[in-house]
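Throughout, read-outs are computed from the coordinates displayed, never taken from laboratory work. Because the structure is predicted, anything quoted here is derived from the model rather than measured. Cβ sites come from the backbone with ideal geometry, for glycine too, and all protein chains shown count toward neighbours.
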Amino acid sequence: MKKVLLIVIDGLSDRGTKTPLSSAKKPNMDKLAEMGINGIMDPIAPGIRPGSDTGHLSLLGYDPYKYYTGRGPIEAAGAGIEVKPGDIAFRVNFGTVEGEGSVFDKVVVDRRAGRISDTDELVKAINEGIDLSKFGVEFIFRRGSGHRGALVLRGEGLSDKITDTDPHKVGEKVWRCKPLRDDENAKRTAEIVNYFMEKAHEILDKHPLNEERAKKGLPKANVLLLRGVGVVPHIPPFEQRYGMKLAVVTGTTLIKGIGRILKGDVIEVEGATGNRYTNVKGKVEAALEALETHDFVLLHFKATDELGHDGDFEGKKEFIEKLDRHFEQLLSLDFSNVCLILTADHSTPVTAKEHTGDPVPITIVYKDVRVDDVKSFSEFEAYKGGLCRIRGLDLINIVMDLIDKAEKFGA
Ligand code: ZN
Ligand code: ZN
């Protein structure tokens, strides 16, 4: 069985005449470019600015316009909740509110509750203290890292056509959840969410941990701010769709969520932080190990994107160099059995500090590819390669064809 190793360096590419990637010292990535076929790729379509979630879905062969229903479901899956199609999922922040009256009369003074780090007890109190059975609904609430969490509502007749309760700004009152459609399910779901919001605030505000925080002068984590609502989509598992067992190696909750929603195995690596200090060596080794037990391994690195958002040219360049030092062992893979792809999910130029629709460089190394003249992995060399310009959704077809898993269309 042929194997596939897809390496996604998040937000890797930039704009302009000199970029972190083009100026980085990266002999191993350059060698891969030299050994492979190169091109540029529009992760979704030319000029479309992908999110990391929609970008990854596209690269894995899932049309985001068909399967993407919001960030909530993916974050919830990433936080370890076993989501089911039809569930309504939210991203959650523990925040701080002050004022009198109900939770919706109070003003958000901190959207991260002083970046509270340990919410285990608060999460437990909510799970034990709230009962939605009178609505015929159950909920699952899990903590994420730091002040983050995920909430899932499960039951009949729920809708994701509702508003957030997070005002997305400090100094504003908590938003009452409102239906976005004149339909019974949306109205009912908004009512359930508002009930949940009030109960959660009651429990949190008087929780001993928060009393203690208040005494120490720390902001109370006394409200749950909900956003990114979406219904969990019906999405065919990766293995069922492509006949390949999927493994995902990442430190980022969102990408873990993509892996879980596609029913792949998420491999946890110690020290995989999703930032520039991440354990690159451990992740590369875990990915190579996963190739023994799985057919398609996604290896994801996040820090390039964060450094792009920060506008940190040097930091981004240095992280690319750090990655490259640990890519040396990739050169000795058996490319008659492993198809390696090196690319990104979108550009996050340091000049834009945001995702842009610029295409990303892509290299495919495999025994039989039409090796081109490109000898360096960068925005400015990639487009001279034999792959020319492809879309994210083409990638899986190209790979399936190369490894002889594609079926013939026609006679
Ligand atoms: Zn991304
Ligand atoms: Zn980003």
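The table below gives the values:
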{"item": "Violating pairs (Cα-Cα greater than 18 angstrom) within the set Lys106/Lys169; Lys302/Lys322; Lys256/Lys283; Lys245/Lys408; Lys281/Lys353; Lys124/Lys161", "result": "Lys245/Lys408; Lys281/Lys353; Lys124/Lys161"}
{"item": "Residue order, fewest to most surrounding Cβ atoms within 10 angstrom, among Arg370, Arg143", "result": "Arg370, Arg143"}
{"item": "Rg in Å to one decimal, and Dmax rounded to a whole Å, for segment 97-253 via C-alpha atoms", "result": "17.4, 57"}
{"item": "Beta bridges per DSSP with both ends in the chain, % antiparallel, nearest 5", "result": "60"}
{"item": "Cα-based Kirkwood hydrodynamic radius, the chain, one decimal, Å", "result": "22.5"}
{"item": "Residue order, fewest to most surrounding Cβ atoms within 10 angstrom, among Val360, Val152, Val137", "result": "Val137, Val152, Val360"}
{"item": "Residue order, fewest to most beta carbons within 10 Å, for Leu246, Leu254, Leu291", "result": "Leu291, Leu254, Leu246"}
{"item": "Overall form of segment 82-189 per C-alpha gyration tensor (a/c, 1.5; a/b vs b/c)", "result": "oblate"}
{"item": "Ordering of 282-288, 97-103 by packing [mean C-beta count within 10 Å, highest first]", "result": "282-288, 97-103"}
{"item": "Residue-span extension gain [Val107 to Met1] - 0.36 nm each, minus C-alpha spacing", "result": "32.3 nm"}
{"item": "Cα centroid separation - segment 249-284 against segment 84-135, whole Å", "result": "26"}
{"item": "Distance in nm between pseudo-label sites at Glu239 and Asp404 (7 Å out along the Cβ direction from Cα)", "result": "2.4"}
{"item": "Nearest-0.05 FRET efficiency for Glu314 and Lys187, computed from C-beta distance (R0 45 Å)", "result": "0.30"}
{"item": "Computed helical MRE - 222 nm, the chain, DSSP H runs ≥ 4 contributing -39500 (n - 2.57), nearest 500", "result": "-9500 deg cm²/dmol"}
{"item": "Packing-based order for 28-39, 161-172, using average beta carbon neighbours within 10 Å, highest first", "result": "28-39, 161-172"}
